[in-house]
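Here the structure is laid out as structure tokens; the discussion comes afterwards.
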Amino acid sequence: AQVDKGGHKHFMAKEIAEQPNVIGEAVRHYLSNDGNAVALPGDDIDFTKIERLTMVACGTAFYACMTAKYWFEQLARIPVEIDVASEFRYREPPIPKGTLALFVSQSGETADTLAALRYCEGKADKIVSVVNVPESSIARESDVALPILAGTEIGVASTKAFTCQLTVLLMLALKAATDRGTMTPEEVQEKLNALRTLPGILNTALERESAFKAVARKLAESRDILFLGRGLMYPLALEGALKLKEISYIHAEAYASGELKHGPIALIDKHVPVVVMAPRDGLFDKTISNMQEVMARNGKVLLITDGEGAGEGSQGVWDVVTLPEVDDVLTPILYAIPAQLLAYHTAVAKGTDVDQPRNLAKSVTVE
Ligand code: G6P
């Protein structure tokens with residue numbers, strides 16, 4: 001069926017707006033009948049037999065893997081390796097017994113990711129994929145293919161596929177935590193309840209669009225932009241920088257906040273906006289102290305945090321946009337919204353081709 005823009009100016013805008021709905025659907029799809037546990041609708045995966053995870057992808061899907069590493073390690077206590085497919089496939093890494101190889105791909109056709117999957121055939125105990133296109137090569141060649149149910153994504157810069165990938169990966173990590181007994185059924189239920197409230201929270205975040213649009217107009221004047229984040233916000237900072245450079249053509253880079261002192265701080269002056277993603281979680285104070293180091297060097301900080309975080313940390317910043325509060329584990333899905341809206345409105349302000357950015361393809365099926 002032909003997909004239209006549904007009244008939006010760009011497919012990307014439409015796909016950003018669709019996220020509360022498609023994420024709600026993905027959550028429902030992976031809940032057990034009583035809603036109290038995660039259930040995989042097709043073949044089950046027994047995580048008691050899995051000793052380690054290797055996650056491989058490209059582009060935005062790689063940042064979904066990077067986020068999921070934190071979840072699988074913290075919630076399910078499984079050691080996780082991640083790699084971009086183009087490096088993984090030629091490095092010929094050893095795949096020890098007990099490895100579950102997990103491939104994440106919107107299209108299911110990315111050449112490097114498919115080659116990485118084929119490399120793992122006969123070596124990994126199980127090959128699992130997280131895909132948007134169920135009839136794709138990557139889905140067909142996996143032992144278990146988990147659909148993300150995002151619906152057709154047309155904008156070259158991935159948005160709803162990313163947050164749906166995150167949702168499915170988080171639910172898979174909760175399933176792993178249940179199997180391995182690293183979380184009690186009650187703890188898992190608490191996270192599932194939080195996941196059920198996520199569509200409403202994302203709608204509230206989307207209502208802040210005009211605030212992001214206003215900051216984006218200022219960002220559009222910049223030549224370089226830095227993104228900083230710690231813990232679960234580090235992959236999100238990378239994704240924010242990727243989105244921005246893809247569609248606005250502004251040079252953007254991301255660093256783990258703790259690495260600021262090891263290089264990027266040399267770049268800070270009054271011309272460089274620094275986007276700091278800092279929900280009020282256990283790492284908030286650390287990130288805020290990195291932010292103050294930036295401000296001490298006249299860097300222009302855009303702080304993205306929640307209401308409580310803004311109360312505590314926003315003195316002297318260039319700008320602050322607040323998001324609703326959410327369970328710590330869900331912050332990557334929520335903070336994807338500002339990453340997307342900042343990139344989108346910066347690109348619109350610059351007048352670039354948002355849905356078809358120069359030199360990029362939606363699906364890279366050649367090497
Ligand atoms: C291209 C797209 C990106 C995407 C990446 C991986 O670079 O422009 O949006 O993240 O490929 O694609 P996949 O279909 O494997 O997720």
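Within segment 35-70, the residues that satisfy the criterion of being farther than 18 Å from P235 by Cα and either within 16 Å of the ligand (Cβ to nearest atom) or part of a helix (DSSP H, G or I) (or both) are F47, T48, K49. Within segment 175-189, being surrounded by fewer than 15 Cβ atoms within 10 Å (Cβ to Cβ) and touching a residue at least 60 places away in the same chain (Cβ under 8 Å) holds for one residue alone: P185.
Every residue, every condition in (1) under 24 Å from T110 (Cβ atoms); (2) at pLDDT below 95; (3) surrounded by 14 or more Cβ atoms within 10 Å (Cβ to Cβ), yes or no:
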position: A17; (1), (2), (3): no, no, yes
position: V27; (1), (2), (3): no, no, yes
position: P41; (1), (2), (3): no, yes, no
position: K49; (1), (2), (3): no, no, no
position: C65; (1), (2), (3): yes, no, yes
position: W71; (1), (2), (3): yes, no, yes
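When L202, L228 are screened for being closer than 22 Å to A64 by Cβ and in a helix (DSSP H, G or I), only L202 passes. For the residues T110, T67, T99, T54, the requirement of being among the polar types (S, T, N, Q) and touching a helix residue (DSSP H, G or I) at 6+ places or on another chain (Cβ under 6 Å) singles out T67.
Please state which one of E92, E87, E73 is of a type in the set (D, E), over 25 Å from K160 (Cβ atoms) and within 16 Å of the ligand (Cβ to nearest atom).
Numbers: E92 fails: within 16 Å of the ligand (Cβ to nearest atom); E73 fails: within 16 Å of the ligand (Cβ to nearest atom).
Result of the check over E92, E87, E73: E87.
Taking the conditions (1) without any contact (Cβ under 8 Å) to a residue 24 or more places away in the chain; (2) in contact with a strand residue (DSSP E or B) (Cβ under 7 Å, 6 or more places away or on another chain) in turn, V276 satisfies each one other than (1).
Look at (1) within 15 Å of E293 (Cβ to Cβ); (2) aliphatic (A, V, I, L, M); (3) modelled with pLDDT of 95 or more and you find that A252 fails only one, number (1).
The values are calculated or read from the model by the stated rules, or taken from the named source; none is laboratory data. It should be emphasised that the depicted structure is a prediction, and the values quoted were computed from it without experimental measurement. Every residue, glycine among them, receives a Cβ derived from its backbone with ideal geometry; neighbour counts consider all protein chains shown.
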